[in-house]
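The values are calculated or read from the model by the stated rules, or taken from the named source; none is laboratory data. All of these numbers come straight from a predicted model, not from anything done at the bench. Neighbour counts are summed over all protein chains in view; Cβ atoms, including those assigned to glycine, are modelled from backbone coordinates with ideal geometry. Accessible surface is based on the protein model in full, side chains and every heavy atom, while ligands, DNA and RNA are left aside. Shrake-Rupley method; radii C 1.70, N 1.55, O 1.52, S 1.80 Å.
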Amino acid sequence: MDRERRYFFCGIGGSGMLPLALIVLQRGAIVAGSDRSLDQGRSPAKFDFLRARGIALFPQDGSGIGDAETVLVTSAAVEETVPDVQAARRVGATLTTRAELLSDLFNAVPRSVGIAGTSGKSTTTGMVGWLLRQAGLDPTIVNGAVMRNFVAPETPFASSLVGGGDLFVAEIDESDGSIARYTPDVAVLNNVALDHKSIEELRRLFGDFVAKARIAVLNLDNDETAALAATIPPARRLTYSLSDPAADLLATDIVPAPDGIGFRVRDAAGGSWPVRLLVPGRHNVANALAALAAARACGIALDRAAAALSGFAGIRRRLEVVGSTGGVTVIDDFAHNPDKIAATLATLHDFPGRLLILFQPHGFGPLKLMREGFAACFADHLRPDDVLTMPDPVYFGGTADRAVTSADIVADIVARGRDARFFPERAACGEALLALARPGDRIVVMGARDDTLSSFAEDLLRRLGA
């Protein structure tokens, strides 16, 4: 990273761009940016926060890029037609991607922990960062979501943390293939399932990722990662499981609770220590085992790490309780692919209460790729009295193949005997949920890539209490 140059982030408010922009700023560079959400008046608090940190914000019309000394940082999804990209090409500015910049920073340190997989990356990254901080290792952390442990009045959007040491922890994305750029010291792979790419391509990307690491942390409860573990010498891997006694770390005595979950972690030598999580669900037990294995790979004793996990406060929008009124609880959740949705529904069904769900898909592409997965997931995990509502996918511009819509998914689910309802607009879904709600129900707002889902959930709670 060149501290003498100005970095301009196109889409600076995005979950992946914002933390990286803050890292670059805190390392001494000049940072500016634009965002379509800013132009549309969405999420004003986020952009006020960026301005308060000294980041200049511009309309996404190319006006923020005026000379060749600027480095334009884009996500892989940014198209050539975006005015910022066109302006950068006109003036001869350097263009790079978020993945290129992040991987350069990540690969430059002697010790790095990369967390990858289809599901659980953000939570596992937050857990690993928390454990390393508690052990005094002072890591730099880049996450794709806000880590509640590091939220403070001056850092309300704590999706990154700048450390003073030589240790870098990052959530690594596979959706654009950029995972191939990273060379981790410790590679964590939570699971592999169909999401953005074919299984064959995911096998190659994830296999190459863990092959480069000194230590690979792998989940034996997922068929794909278990098969990968079998190809890696035992000295270069740490495995974990909720069921396989051959794993290096095994969770036993799992006890769900409304406000979290407890279990014991057993190592291969037979040692056993209690763990109490403030985040619920068996999927978070798996995330915790991954984090404990990563901490062990970084030299932290298992008993110390297990005790420290009790202080992990969770990740924003991961089964986050917005509030309760009139006997109805509103929950905000990031679940957006079949595996994540299944984990959320299984966790919520550990306790009584009907689920009234709004699921807003994060794009038409995922609907087409995962149509069968979405239909099967909801059909299998909704109970007969649960109600699912779906609007059309979130859409902020660009090109989109609308071959499969939310109406198609709803029809598939209804055909399998579950109560699912399509409304083109999200507001109509909200009206339907409010009309249905009665004491004991839980309203669950699900979806990704749209900050306004949280404010939508807050508005539902307010209207319930009105």
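Elements of the type strands (runs of 3 or more DSSP E) sitting completely within segment 1-97 and holding at least 3 residues that are β-branched (Val, Ile, Thr) and in contact with a helix residue (DSSP H, G or I) (Cβ under 8 Å, 6 or more places away or on another chain): these cover 70-74. Filtered by the rule that a residue be surrounded by fewer than 19 Cβ atoms within 10 Å (Cβ to Cβ), farther than 17 Å from Ser241 by Cβ and of a type outside the set (Asp, Glu), segment 280-311 gives Gly299, Ala301, Arg304, Ala307, Ser310, Gly311. Checked against the criterion of being in contact (Cβ under 8 Å) with a residue 12 or more places away in the chain and assigned to a helix (DSSP H, G or I), the candidates Ala313, Ala335, Ala293 yield just one match: Ala293.
Within segment 151-181, restricting attention to residues that are over 25 Å from Val210 (Cα atoms) and within 16 Å of the chain's Cα centre (by Cα), the residue that is modelled with the highest pLDDT is Ala158.
Taking Asp173 as the residue in question, decide whether it is more than 22 Å from His336 (Cβ to Cβ) and charged (D, E, K, R). No: the conditions fail for Asp173. Taking (1) open to solvent by 30 Å² or more (accessible area, probe 1.4 Å); (2) among the small types (Gly, Ala, Ser); (3) out of contact with any Gly (no Cβ under 9 Å at 6 or more places or on another chain) in turn, Ala29 satisfies each apart from (1). A single entry from Val210, Val217 fulfils the requirement of being in a helix (DSSP H, G or I), buried (at least 22 other Cβ atoms within 10 Å of the Cβ) and not basic (Lys, Arg): Val210.
Give me a count of the residues in segment 316-332 that are assigned to a strand (DSSP E or B) and farther than 30 Å from Ala135 by Cα. It would help to see each step written out before you state the result.
The first filter runs over segment 316-332 and keeps only residues assigned to a strand (DSSP E or B), leaving 320-325, 328-332.
So of that shortlist, the ones also farther than 30 Å from Ala135 by Cα come out as 322-325, 328-332.
Residues flagged as assigned to a strand (DSSP E or B) and farther than 30 Å from Ala135 by Cα within segment 316-332 amount to 9.
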